[in-house]
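Contents: one structure, followed by commentary.
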Amino acid sequence: MNSFGTKLRVSIFGESHGEMIGVVLDGVPAGMPLAEGDFLPDLARRRSGARGTTTRHEQDTPRIVAGLHDGHTTGAPLAIVFTNSDTRSGDYASLVDHPRPSHADFVAGRKFGGMNDPRGGGHFSGRLTLTLVAAGVVARRMLEGIEITSRIMSIGGCSDQAEFERIVEAAMAEGDSVGGVIECCAAGVPVGLGEPFFDSVESLASHLLFSIPAVRGVEFGNGFAAAALRGSQNNDLILDPSGRTATNNAGGVVGGITNGNPLVVRVAVKPTPSISRPQQTLNLQSGKPEPLVIRGRHDACIALRAPVVVESALAIALAQLIPTDGKI
Ligand SMILES: Cc1cc2nc3c(=O)[nH]c(=O)nc-3n(C[C@H](O)[C@H](O)[C@H](O)COP(=O)(O)O)c2cc1C
């Protein structure tokens, strides 16, 4: 299944080199002003073109094909599609029998009995995150008063921003790739969103964040570092009836419920699996290991394009929790 959510149900479809990709959003309130142009700023933040990103150039022009009338949402499912045009599927032909290490080629072939679309990574491609960003634009509209921002905290293990470019260039020069950490913050979140157990804010947000291809870790507040602290160091002292705390080690969520402080989450993005330096893989026909040289156009550092995707995922998660009557 490829849907998430109950209150705002998000279904994505398409393949990297298919005719189009898209998203269907069910649960969008009627009467929300919306235009195709509203999507462009966030879509542009994800676009390729900068150093360290793929040289595949897509227009990423959104087309709203359902759920909109006279410039406002109708309350019926909202469907947004994007055409794929800059595809070079030949680059991927050999990968069916020579799966890329740490990409989904092997598991996709096994799970779907070889029926999956292998071109450009098919449905597993980072291209599908365009649809998440489109969904995020709509979700943000539903989160009145909440502002979601993000920043790249580190690239290749280095947190000195001045070094990011050099680190990406060095990896590219060696036909390699690098990962990074992105921190995302939602400010203006009221006290009381989320449920104690299965629909805890962390559970819903992690579900969405781990759906982003290449995300390998998620932590809230001080996350794993909390395990090394004492309670006296980790506890966030409550300062006033709004719930404001002296520190925000909890990252704005306690007991699965937002506590009125900024919601802070960090995600670890792995280095791009498709690297141009030779690697070893298995030839699935012969069953023997063979050298693999990956062709095609790839991001050297996915983290450079992922911040807006992370923001969108968090927005979709929070949109599940906003009560329709405005009462928390
Ligand atoms: C914005 C974005 C762009 C990506 N670009 C590439 C790419 O150019 N080449 C590649 O091999 N993987 C790329 N990926 C990652 C793969 O899709 C992903 O690693 C793969 O599907 C395996 O899934 P996993 O890493 O979540 O296990 C990208 C991911 C995102 C979010």
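The values are calculated or read from the model by the stated rules, or taken from the named source; none is laboratory data. Just so we're clear, the structure is a prediction, and the values are computed from it rather than from any experiment. Positions of Cβ are generated from backbone atoms using ideal geometry, with glycine treated the same way; all protein chains shown enter the neighbour counts.
For region 41-56, indicate whether the set of residues that are surrounded by fewer than 19 Cβ atoms within 10 Å (Cβ to Cβ) and away from the ligand (no atom under 15 Å from the Cβ) is non-empty.
Looking through region 41-56, at least one residue is surrounded by fewer than 19 Cβ atoms within 10 Å (Cβ to Cβ) and away from the ligand (no atom under 15 Å from the Cβ).
Taking region 42-100 as the region of interest, how many residues are outside any helix (DSSP H, G or I) and more than 30 Å from P278 (Cα to Cα)?
Within region 42-100, the first condition is being outside any helix (DSSP H, G or I), and the residues that meet it are 47-88, 97-100.
With the extra rule that they be more than 30 Å from P278 (Cα to Cα), the set shrinks to 59-83.
Selection size over region 42-100: 25.
So which strands (runs of 3 or more DSSP E) are wholly in region 258-328 and hold at least 1 residues that are more than 24 Å from the chain's Cα centre (by Cα) and away from the ligand (no atom under 16 Å from the Cβ)?
On the way: elements: 263-269, 279-283, 288-292.
Counting at least 1 such residues, we get 279-283, 288-292.
Pairs please, first residue from region 95-115 and closer than 14 Å to E290 by Cα, second anywhere and within 9 Å of the ligand (Cβ to nearest atom) and among the polar types (S, T, N, Q), Cβ atoms under 9 Å, 6+ apart in sequence or on different chains.
Listed by first residue and then by second, the contacts come to R100/S274.
Is it the case that G14 is within 30 Å of R166 (Cβ to Cβ), crowded, with 20+ Cβ neighbours inside 10 Å and within 16 Å of the ligand (Cβ to nearest atom)? Break it down stepwise before answering.
Working: within 30 Å of R166 (Cβ to Cβ): no; crowded, with 20+ Cβ neighbours inside 10 Å: yes; within 16 Å of the ligand (Cβ to nearest atom): yes.
Here the answer is no, as G14 does not meet what is asked.
Look through region 29-41, keep the residues that are assigned to a helix (DSSP H, G or I) and of a type in the set (A, V, I, L, M, F, W, C), and return whichever of them is nearest to M142 (Cα to Cα).
First, pick out the residues of region 29-41 that are assigned to a helix (DSSP H, G or I): 36-41.
Checking the rest, the ones that are also of a type in the set (A, V, I, L, M, F, W, C) come to 39-40.
On the way: F39: 15, L40: 18 Å.
Applying the filter and picking the extreme gives F39.
Conditions tested, residue by residue: (1) under 19 Å from the mean Cα position of the chain (by Cα); (2) away from the ligand (no atom under 16 Å from the Cβ).
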residue: G179; (1), (2): yes, no
residue: E183; (1), (2): yes, yes
residue: D199; (1), (2): no, yes
residue: L204; (1), (2): yes, yes
residue: S211; (1), (2): yes, no
residue: R216; (1), (2): yes, no
residue: N222; (1), (2): no, yes
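Hey, can you tell me all the residues within region 199-253 that are small (G, A, S) and loosely packed, with under 14 Cβ neighbours inside 10 Å?
So in region 199-253, the residues small (G, A, S) come out as 200, 203, 205-206, 211, 214, 217, 221, 223, 225-228, 231-232, 242-243, 246, 250-252.
The answer is A225, A227, A228, G231, S232, S242, A246.
Which one of these is out of contact with any helix residue (DSSP H, G or I) (no Cβ under 6 Å at 6 or more places or on another chain), of a type in the set (D, E) and within 16 Å of the ligand (Cβ to nearest atom): D97, D70, D91, D105?
Selected residue: D91, the only one of D97, D70, D91, D105 that is out of contact with any helix residue (DSSP H, G or I) (no Cβ under 6 Å at 6 or more places or on another chain), of a type in the set (D, E) and within 16 Å of the ligand (Cβ to nearest atom).
Identify all residues within region 108-148 that are small (G, A, S) and within 16 Å of the ligand (Cβ to nearest atom); write none if there are none.
If the condition is that a residue be small (G, A, S) and within 16 Å of the ligand (Cβ to nearest atom), then A108, G109, G120, G121, G122, S125, G126, A134, A135, G136 are the ones that fit.
Looking at the structure I just gave you, is G251 in a loop (DSSP other than H, G, I, E, B), more than 12 Å from the ligand (Cβ to nearest atom) and modelled with pLDDT under 95? Write out each step before concluding.
Values: in a loop (DSSP other than H, G, I, E, B): yes; more than 12 Å from the ligand (Cβ to nearest atom): yes; modelled with pLDDT under 95: no.
Against the criterion (in a loop (DSSP other than H, G, I, E, B), more than 12 Å from the ligand (Cβ to nearest atom) and modelled with pLDDT under 95), G251 does not qualify.
Does at least one position in region 92-106 carry a residue that is farther than 19 Å from V309 by Cα, within 17 Å of the chain's Cα centre (by Cα) and hydrophobic (A, V, I, L, M, F, W, C)?
Yes, because at least one residue in region 92-106 is farther than 19 Å from V309 by Cα, within 17 Å of the chain's Cα centre (by Cα) and hydrophobic (A, V, I, L, M, F, W, C).
Being in a loop (DSSP other than H, G, I, E, B), in contact (Cβ under 8 Å) with a residue 12 or more places away in the chain and not hydrophobic (A, V, I, L, M, F, W, C) is the filter here; which residues of region 116-144 pass it?
First, the residues of region 116-144 that are in a loop (DSSP other than H, G, I, E, B): 116-118, 125, 143-144.
Narrowing the set further to residues that are in contact (Cβ under 8 Å) with a residue 12 or more places away in the chain leaves 117-118, 125, 143.
Residues satisfying the conditions are D117, P118, S125.
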